[in-house]
Every structure is written in C-alpha cells, then in structure tokens.
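Student: Got a structure here, written out as structure tokens. Questions coming.
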Amino acid sequence: MNDNLFDFGMIGLGVMGRNLLLNMADHGFSAIGFDKDESKGKLLESAATKGTVVKGVSTLAEMVQQLKTPRKLMMLVPAGKPVDDVIYDLLPLLEKGDIVIDGGNSHYTDTLRRLDYLKDKNMHFMGIGISGGEHGARTGPSIMPGGNLEAYHQVRPILEAVSAKVNGSPCVAHLGNGAAGHYVKMVHNGIEYAIMQLISESYDLLHRGLGLDNDTLAKTYKNWDETELQSFLIEITKDIFLKQDDKTSNRLVDMILDKAGSKGTGKWTSQDAMDIGMPVPVIDMAVSMRDLSSWKEQRVQAAALYKTAITQINVPAEIFIRQVEDALYFAIIIAYAQGLAMLHTASFELKMEIPLPEVVRIWRGGCIIRSSLLENFFKAFTANPQLSNLLLDADIATLLQNKAQATRAVLTHAIQTGFPVAGFMSALSYFDAYRSEKLPVNLIQAQRDCFGAHTYQRIDMPGIFHTEWQ
C-alpha cells in the first residue's frame, strides 16, 4: 500500500471537524479533510502540529482517492439534508467495506432511515455522537458510537486514541444497535439542557434573590466546583462571572440578552420521551423555559402590567447559599435519573441494547455533562446493569433524602418571593410522585370513563371495567 495514503478523512472542516482531525493527527494518524470552502482546508493545514501529517483538499473525489482501504471517513456537517447530500455524492466514489460516519447531531430517526437506505450499498454507515465542544474535539471528547460492530472495531483504535481518558480508560464505547449512538447523544443533550436550566435558576436566586455580585458568585460556584457538585458546567459558570465585556466596563454576563437559543436536541429528547411514555419533566421544563425566554417583548409587557418587582429573599446568606447548593445537587441527580431511565426504556422499546454502565463510564470525561456524580452512577449501574431508574438504587436514594429538605426550603422561599424555578419544582415533584405508592390518577381514570367510556382497572379484582356514571 502506498505510504502516502491517509488513515482518516473528514468532510466538513468547521471548528469541530477541523479540531477532531487535528486531534487524530496529533495521535499519529495521517489525516485528510475536505470542505467546499477551500480556505478551511488551508486553515486545517496551517493549524496542524509540526511533524504531523495533515492535508486539506478541494474536492470529495480527491479526498476519497487518497484514503487507505477500507476507507474511514466522517461527516461533520449540519444535520438534515446536508448529510443526505454528502452521502449521495459519496456513493459512486466508495468501494465495498468502506466506512462512513455521521458525527453530527442527527436525529436518530434520520440515522435509521439512512441505515436502511444504505444496507445494500457499498458502505458501512455509522451514527456517532460527539460531545465536548471545540476544545473537547481538539483535546479529547466523549464519543458515542452505535450501529455496525464490524465497522466500529475498524475505527475503534482511532476513536480510542482521540477520546478523553478517565483513569486511563478511553471515553468511547460501542453503545448498541442501529442509531444507538445518536440516540444516546440526543439524551445527553437533553440532560445538558436540564442542568443548564437548573444552574441558571440557582444563579437567579443568588444574584437577584440574595443580591450577590459577580465576584461573590464566582467564589460561590468555585467553592461548589471543589465539592460534590464538581462538574464541567459548574466550572465554566464560575469563570463566566469574571469575564469582562470588551465594549463596556461591565461584566459580560450582565450585558447578554435573556433570550436563549437552541438547536433542537433538547426538544427531540422531550418529544421522543413522550413517544415511549417516559416522563422527563426536568428536561421538558428546560426546553419550555428556553422557549418562554424567547418571548422577551411579551415578558416586558407582562412585567409592566403586573407591576412585577423583585423581592429579596430574607434568609442569612450563608444558610441560603448552602440550601441552594443542596437543592442544585438534588435536582441535577433527578435530571440525570430521568435521562438514564429514558435510555433504559428506549433500549428495549427500540431494540438498541444500550449498555448503561458504558454510557455512564464514557460520560465521565470529555463531554459537556461530565461530573463527579457520574462516579456514583457508574457504581450503581455496575452493581445492577439493568437498573431501570437511579432512584431505585439505595446509595442514590440516600443522597437524595439528605438534600430533599433543603430543596423544599429553597422552593418555599422562591415561591413566596416570586422567582421562577420551574426546573427545581419539576425535579421535586417528580421525586415526590415517583416515590409515592398512590397517585390521584384513579380520579382521572374515573373522569375518562365517565365522559368517554375509556374503562378502568380495579384494585380488588383483575379485568377491565366500565360504568354508566350518569
């Protein structure tokens, strides 16, 4: 084989594609990339570490011709039609056994459709979730592959080399059949939405509620990042409070408009959870609050109409900060529990065979939701790989019970002073409902049968029943 041929190809040399390819080159793999924008190919070459083998090309055919066979290449292009367009362009260029990876945030149903379309074609197609942002892509992301096991074993050495490592263990694993990789990444992003919403609510309570300035907030979150709340999202939050705005003398966080953007993956998690009958209310609420934030003009009108005024929370700062810390810890556990319970259910419903111990293991490093809590979850799923919900693990139950009272105290203060804490409230309501042997839905079933003859079951005998109520 020609020594000049390349080990791996990348289609799409935006920030993620370029950094991941440079990461591969840093680990000794020869890397070639293609982008329609030729300047991105030049940027790829100029950013390469000295001594590594990196090349940018201007046509897809040129890249394919220079890859070792079986060819291994990845698309990092926007989800949707661009992925289908690249596949269409690739088909006549590839040979039997070549491996094509979609490394973007594709919806898993699109991945399933592409797998079905390509099953009789010349290529192995895989969907892979990648988390870690541009820095993670360059230095070590968490990688979530699914699908063809034969193809995975061929790309495994490259993926393991470039992934994040925790205690020497690479944060990559084969996560199941079909579109499992993209499904796990979708749920990862749903959990990410939930945790970000919870952190923002904690910030609101401490900043507007308690009156803490940015310096004090930075110290508070720094302290939290050195305790059981240690996580990537807490780590970046403490730094955000200190960032100066280059246009004013203010802190940048204070100059940012309170309208949240999203790329849809949180919404997908909520939608798909409903499709399989899986409650994920903290994730749902995080999506809803982003949507609500976008109605800024109406919120301004409503604030004037209702004469909304901020009422400070009248609790000694040291006590309230500790309560909010405990409430955040409590609610973040609930957010993870909901996402992982969704994966447990989807694994069976969609026949993906997702290994939850491996999911939790590879989330410990590189990804956006990496957290010291994942060590607790890894222990729980290692002890019981078929654990249907983290709330059924005795050690996790102890953690939650130790924080529940503080969570109730925080919510009491927030409700009395008018602070919106939908994420915290959803977490506590889920906790109270999940551990309740009896819920009032017997009345709902009676109502359904009364107006629509939808039937009900009884507590004292088997069978399906209907009553003429009126």
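The values are calculated or read from the model by the stated rules, or taken from the named source; none is laboratory data. This structure is a prediction, so every number in the text was calculated from the model and none was measured. Cβ sites come from the backbone with ideal geometry, for glycine too, and all protein chains shown count toward neighbours.
Student: Looking for something exposed (fewer than 14 other Cβ atoms within 10 Å of the Cβ) and over 25 Å from residue 184 (Cβ atoms) - is there at least one such residue anywhere in region 234-241?
Tutor: yes
Student: Further question on the same structure: Condition check: closer than 24 Å to residue 178 by Cβ and either under 15 Å from the mean Cα position of the chain (by Cα) or touching a residue at least 60 places away in the same chain (Cβ under 8 Å) (or both). Does residue 325 satisfy that?
Tutor: no
Student: With the requirement that a residue be at pLDDT 95 or above and either not aliphatic (A, V, I, L, M) or not in a loop (DSSP other than H, G, I, E, B) (or both), what does region 366-375 give you?
Tutor: If the condition is that a residue be at pLDDT 95 or above and either not aliphatic (A, V, I, L, M) or not in a loop (DSSP other than H, G, I, E, B) (or both), then 370, 371, 372, 373, 374, 375 are the ones that fit.
Student: Just to confirm my filter: which helices (runs of 4 or more DSSP H) fall fully inside region 115-217 and include at least 2 residues that are touching a His at 6+ places or on another chain (Cβ under 8 Å)?
Tutor: Hits in region 115-217: 149-162, 180-204.
Student: What is the number of the single condition among (1) in contact with a helix residue (DSSP H, G or I) (Cβ under 7 Å, 6 or more places away or on another chain); (2) more than 26 Å from residue 331 (Cα to Cα) that residue 246 does not meet?
Tutor: Unmet condition: (1).
Student: Let me ask something else. Hey, can you tell me all the residues within region 36-62 that are out of contact with any helix residue (DSSP H, G or I) (no Cβ under 7 Å at 6 or more places or on another chain), of a type outside the set (Gly, Ala, Ser) and not in a helix (DSSP H, G or I)?
Tutor: 36, 37, 50, 59
Student: In addition: How many residues does region 295-354 contain that are over 30 Å from residue 371 (Cβ atoms) and not polar (S, T, N, Q)?
Tutor: Summing the residues that are over 30 Å from residue 371 (Cβ atoms) and not polar (S, T, N, Q) in region 295-354 gives 13.
Student: While we're on this one: Would you confirm, using the coordinates I've provided, whether residue 162 is crowded, with 24+ Cβ neighbours inside 10 Å, in contact with a helix residue (DSSP H, G or I) (Cβ under 7 Å, 6 or more places away or on another chain) and more than 23 Å from residue 285 (Cα to Cα)?
Tutor: Numbers: crowded, with 24+ Cβ neighbours inside 10 Å: yes; in contact with a helix residue (DSSP H, G or I) (Cβ under 7 Å, 6 or more places away or on another chain): yes; more than 23 Å from residue 285 (Cα to Cα): yes.
In short, yes.
Student: Out of 209, 261, 266, 277, I need the residue that is at positive phi and not hydroxyl-bearing (Ser, Thr, Tyr). Which one?
Tutor: On the way: 209 fails: at positive phi; 261 fails: at positive phi; 266 fails: at positive phi.
The match here is 277.
Student: Scan 269, 248, 308 and give me the residue that is under 30 Å from residue 220 (Cβ atoms), assigned by TED's automatic domain parsing to the domain that holds residue 422, crowded, with 22+ Cβ neighbours inside 10 Å and not hydrophobic (A, V, I, L, M, F, W, C). Full working, then the answer.
Tutor: On the way: 248 fails: crowded, with 22+ Cβ neighbours inside 10 Å; 308 fails: crowded, with 22+ Cβ neighbours inside 10 Å.
Exactly one residue qualifies, and that residue is 269.
Student: With respect to residue 79, is the statement that it is among the aliphatic types (A, V, I, L, M), surrounded by fewer than 19 Cβ atoms within 10 Å (Cβ to Cβ) and at pLDDT 90 or above true?
Tutor: Here the answer is no, as residue 79 does not meet what is asked.
Student: Going residue by residue through region 86-109, is there one that turns out to be touching a residue at least 60 places away in the same chain (Cβ under 8 Å) and of a type in the set (D, E, K, R)?
Tutor: Yes, region 86-109 contains at least one residue that is touching a residue at least 60 places away in the same chain (Cβ under 8 Å) and of a type in the set (D, E, K, R).
Student: Please find, within region 288-319, the residue that is farthest from residue 385 (Cα to Cα) out of those that are among the hydrophobic types (A, V, I, L, M, F, W, C) and in contact with a helix residue (DSSP H, G or I) (Cβ under 7 Å, 6 or more places away or on another chain).
Tutor: Result: 310.
Student: Now, a different point. So, in region 272-305, of the ones that are of a type in the set (D, E, K, R) and in contact (Cβ under 8 Å) with a residue 40 or more places away in the chain, which residue ends up surrounded by the fewest Cβ atoms within 10 Å (Cβ to Cβ)?
Tutor: Filtering region 272-305 down to residues of a type in the set (D, E, K, R) leaves 272, 275, 284, 290-291, 296-297, 299.
Within this subset, residues satisfying the condition of being in contact (Cβ under 8 Å) with a residue 40 or more places away in the chain are 272, 284, 290.
Numbers: 272: 21, 284: 24, 290: 19.
Per the stated criteria, the residue is 290.
Student: Take region 218-268 and flag every residue that is assigned to a loop (DSSP other than H, G, I, E, B) and polar (S, T, N, Q).
Tutor: We begin by selecting, within region 218-268, every residue assigned to a loop (DSSP other than H, G, I, E, B); these are 226-230, 241-243, 245-250, 256-264.
Within region 218-268, 227, 230, 248, 249, 250, 262 meet the criteria.
Student: Which residue pairs have Cβ atoms closer than 8 Å, lie 6 or more positions apart in sequence or on different chains, and pair a first residue in region 430-448 that is closer than 22 Å to residue 341 by Cα with a second residue that is assigned to a helix (DSSP H, G or I) and among the polar types (S, T, N, Q)?
Tutor: Close Cβ pairs (under 8 Å, with a partner that is assigned to a helix (DSSP H, G or I) and among the polar types (S, T, N, Q)) amount to 430/338.
Student: Could you tell me whether any residue of region 79-99 is in the same structural domain as residue 29 (by TED's automatic domain parsing), under 29 Å from the mean Cα position of the chain (by Cα) and assigned to a loop (DSSP other than H, G, I, E, B)?
Tutor: Yes, that holds for at least one residue.
Student: Which ones in region 1-35 are assigned to a loop (DSSP other than H, G, I, E, B), of a type outside the set (D, E, K, R), under 27 Å from residue 367 (Cα atoms) and free of Cβ contacts under 8 Å to residues at least 40 places away in the same chain?
Tutor: 30, the sole residue that qualifies.
Student: Give me the pairs: first residue in region 125-140 and of a type in the set (Phe, Trp, Tyr), second residue buried (at least 24 other Cβ atoms within 10 Å of the Cβ), beta-carbon distance under 6 Å, and six or more apart or on different chains, which are they?
Tutor: Every condition considered, the pairs that remain are 125/100.
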